[in-house]
Structures are given as C-alpha cells and as structure tokens.
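S.K.: Take a look at the following structure, please.
Nothing in this text is a laboratory measurement; each read-out follows from the coordinates by a stated rule. The structure presented is a predicted model; accordingly, all values stated were derived computationally and were not measured. Counting neighbours? That spans all protein chains shown, and the Cβs are built from the backbone with ideal geometry, glycine included.
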Amino acid sequence: MSTIIEIKSGVIQQSGVSILKDINVSIANDEFVYLIGRTGSGKSSLLKTLYGELNLYEGEGTVVGFDINRLRQKDIPKLRRSLGIVFQDFQLLTDRTILKNLLFVMGASGWKSKKLMLSRAQEVLTMVGLKDKINSMPHALSGGEQQRVSVARALLNNPSLILADEPTGNLDPETSAEIMQLLIAVAKEQKAAVLMATHDMSMIEKYPGRIIRVEDSTVREVNTMNQFDPFTQFKPE
C-alpha cells in the first residue's frame with residue numbers, strides 16, 4: 001500500500017482569504033473516500049488544490065508523487081495526466097461526438113498515435129458500457145450516459161487517483177446508483193484511489209466507505225458510519 005494523497009498542516013487561500021486551514025489528510029492508493037460538507041464549506045477548493053487549480057498556501061502536500069507546494073505551471077499538465085476528474089455537470093464538448101471528445105483530451109495530454117488513441121477510446125467506452133455510442137453527440141445521450149462518458153474520459157490515462165466532484169448531483173437515484181457502482185468497479189479494476197465529494201448521504205449508506213468532512217474551515221475524519229448520523233450531524237443545504 002502506498003500513499004496517493006498526503007497533506008500536512010495545509011492552508012488553502014483564495015483571493016487572500018483562508019478557505020481551509022490545518023488540513024491533515026492521508027489517502028492510500030486502494031481507498032475509496034467520501035468528502036462531505038455543506039455547500040461553500042471548501043470541498044471544491046480542496047479538490048482544486050489537488051489538481052493544481054489552487055495553490056497550497058502553507059503546509060506540505062503531495063498528490064500522486066507531485067509536490068503541490070512547488071508545483072510550477074508547466075508541471076500541472078503532467079499532474080493532471082496522473083489524475084482522472086469527474087465533474088457534476090459532465091463538461092463534455094457539445095459540438096463534437098463522444099469519440100472526438102475523448103480524442104481531444106488525449107491529444108491535449110500528449111498522446112500522438114491516432115491508432116493507440118482510437119483503441120484506448122474504444123476500450124474506456126467499453127468499460128463504461130457505451131461502446132455503441134462512440135459516434136453519438138452528447139445531446140443525444142441521457143444524463144446518466146453523459147456521466148458515464150465523463151467517467152470514461154477520466155480513465156483515459158490510466159490514473160492512479162480519480163477525483164469526483166458531486167458526480168451524482170444531477171442524476172436521479174437509480175442512475176446515481178449505477179454511476180456509483182461503475183466508479184467502484186473501475187477504480188478496483190484500474191487499481192485507482194477515489195476521492196468523491198458528495199451531498200448524497202443515501203449513497204454513503206448504500207456503499208459505505210471512509211469519510212472525511214469539511215467543517216469549520218478544516219478537514220476532519222469521520223470514523224465510521226455507526227458514529228455518523230447524517231440527519232443530526234450533517235444537513236446539506
């Protein structure tokens with residue numbers, strides 16, 4: 001087992017204001033971890049720091065082997081090639097097919113061989129059950145299918161860490177369960193750690209995992225579901 005995320009005494013600032021402080025987080029390479037907290041508590045700021053959009057203002061931090069204290073602009077694409085990122089709103093390019101969405105990402109992350117790019121695109125779409133949608137436009141897919149494409153896109157570079165920001169936030173309960181099962185399955189198959197920000201406590205109850213909570217401008221471990229009553233301790237807005 002190796003550590004995939006490690007932050008010690010971290011501080012995250014935005015526009016000169018401290019968003020989170022005294023952050024101490026350690027996540028191993030085989031863990032599925034939930035990140036919970038109220039809207040505006042700093043969940044997204046923590047995720048943005050992990051993928052290089054925000055700086056770690058103080059403390060020490062490593063993500064997939066990158067020192068995020070000393071992350072230079074030219075290092076950010078390399079960091080992101082080691083990550084898979086799944087967003088709530090899918091963030092697909094609406095003017096091109098699913099295949100061209102995936103090829104665009106691969107081209108931007110350094111892939112050169114068109115043959116290998118096509119093969120990998122087919123492979124990840126097969127993993128998420130959408131190989132037959134390879135030439136479809138995003139608007140022709142359901143919300144669940146679009147999120148499956150988002151998961152496929154996150155897998156393109158064989159990431160060792162998947163960051164998922166409210167991946168079921170725009171989906172109905174049945175589709176949300178399908179996306180959760182998919183994330184768990186592909187993470188296990190790809191041997192990738194997952195850090196998933198969510199408001200959906202029913203998902204956590206159905207698919208128990210380790211929980212960390214953003215609260216009072218810091219990050220705390222929630223030990224077990226038995227000690228965690230979402231109805232009294234956590235009321236999402």
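S.K.: Kindly state, to the nearest 0.05, the FRET efficiency for Leu116 paired with Gln13, given R0 = 45 Å and r defined as their beta-carbon distance. Could you put the intermediate results ahead of the total?
M.R.: Values: r = 41 Å, r/R0 = 0.90.
The computed FRET efficiency comes out at 0.65.
S.K.: Also, I was wondering about something else. Counting other Cβ atoms within 10 Å, keep those with at most 16, restrict to DSSP loop, and tell me which chymotrypsin sites (Phe, Trp or Tyr not before Pro) in the stretch 10-54 are left. List each step's numbers first, then the result.
M.R.: Working: sites: Phe32, Tyr34, Tyr51; in loops: Tyr51.
Listed in order of number, the matching sites amount to none.
S.K.: Also, quick follow-up: Can you give the three extents of the C-alpha atoms in the chain along their principal axes, from longest to shortest, in whole Å?
M.R.: Taking max minus min along each principal axis of the Cα atoms, the chain gives 47, 41, 36 Å.
S.K.: Then there's this: So, counting K/R as plus one and D/E as minus one, what does the shell of residues with Cβ under 10 Å around Asn69 add up to? Write out the running numbers ahead of the final one.
M.R.: Values: positive: Arg70; negative: Glu58, Glu60, Asp67.
Neighbourhood net charge equals -2.
S.K.: Oh, and also: Looking at the stretch 3-225, what % of its DSSP beta bridges pair antiparallel, to the nearest 5? Could the numbers behind the result be given before it?
M.R.: On the way: 21 of 39 bridges.
Of the beta bridges lying entirely in the stretch 3-225, close to 55 percent run antiparallel.
S.K.: Quick one: among Leu195, Leu141, Leu125, which has the greatest mean-square fluctuation in a GNM of the chain with alpha-carbon springs under 10 angstrom?
M.R.: Leu141
S.K.: For Lys100, which lysines qualify as cross-link partners when the Cα separation must be under 17 Å and same-chain residues fewer than eight apart are set aside?
M.R.: In chain and number order, the partners are Lys112, Lys114, Lys115, Lys131, Lys133.
S.K.: Which parts of the stretch 13-29 would a label at Asn55 reach, counting a residue when its backbone N lies under 16 Å from a point 7 Å out along Cα-to-Cβ?
M.R.: Residues 13-20 qualify, since their backbone N sits under 16 Å from the label point.
S.K.: May I pose another question? If I build a Gaussian network model for the chain, linking alpha-carbon pairs within less than 10 angstrom, which residue out of Gly129, Gly52, Gly61 has the largest mean-square fluctuation?
M.R.: Its mean-square fluctuation being the largest, the pick is Gly129.
S.K.: Quick one: length gained pulling Ser217 to Glu205 fully straight, 0.36 nm per residue minus the C-alpha distance? Don't jump to the answer; show the numbers that get you there.
M.R.: Working: separation 12, 0.36 × 12 = 4.32 nm, distance 2.51 nm.
Net length gain for the segment: 1.8 nm.
S.K.: Assuming a ≥ b ≥ c are the square roots of the Cα gyration tensor eigenvalues, decide whether the stretch 87-134 counts as rounded (a/c under 1.5), prolate (otherwise, with a/b larger than b/c) or oblate.
M.R.: Details: a/c = 1.77, a/b = 1.16, b/c = 1.53.
Oblate.
S.K.: As I understand it, the dipole of the stretch 1-139 uses +1 on the Cβ of Lys and Arg and -1 on the Cβ of Asp and Glu, about the Cα centre. Which of Ile19, Ala108, Ser2 lies farthest toward its positive end?
M.R.: Ala108
S.K.: Hey, another quick one. Based on the Cβ-Cβ distance from Ser142 to Thr39, what FRET efficiency comes out when R0 is 25 Å, to the nearest 0.05? Don't skip to the end; give the middle numbers.
M.R.: Values: r = 26 Å, r/R0 = 1.03.
Plugging the Cβ-Cβ distance into 1/(1 + (r/R0)^6) gives 0.45.
S.K.: Short version: ³J(HN,Hα) in whole Hz for each residue of the stretch 56-63, in order, from phi by Karplus 6.51 cos²θ - 1.76 cosθ + 1.60 (θ = phi - 60°), x for Gly and Pro, what are they?
M.R.: 7, 6, 9, x, 10, x, 10, 9
S.K.: Right, another one. Any idea how far apart Asp22 and Lys74 come out in nm if each label point goes 7 Å out from Cα toward Cβ?
M.R.: 4.0 nm
S.K.: Could you tell me whether the stretch 1-88 comes out rounded, prolate or oblate from its Cα gyration tensor? Rule is a ≥ b ≥ c as square roots of the eigenvalues, rounded for a/c under 1.5, then prolate if a/b exceeds b/c, otherwise oblate.
M.R.: Values: a/c = 1.33, a/b = 1.13, b/c = 1.17.
It is rounded, given that a/c, with a ≥ b ≥ c, falls under 1.5.
S.K.: In a Gaussian network model over the chain where Cα atoms closer than 10 Å are linked, find which of Thr39, Thr198, Thr175 has the largest mean-square fluctuation.
M.R.: Between Thr39, Thr198, Thr175, it is Thr39 that shows the largest mean-square fluctuation.
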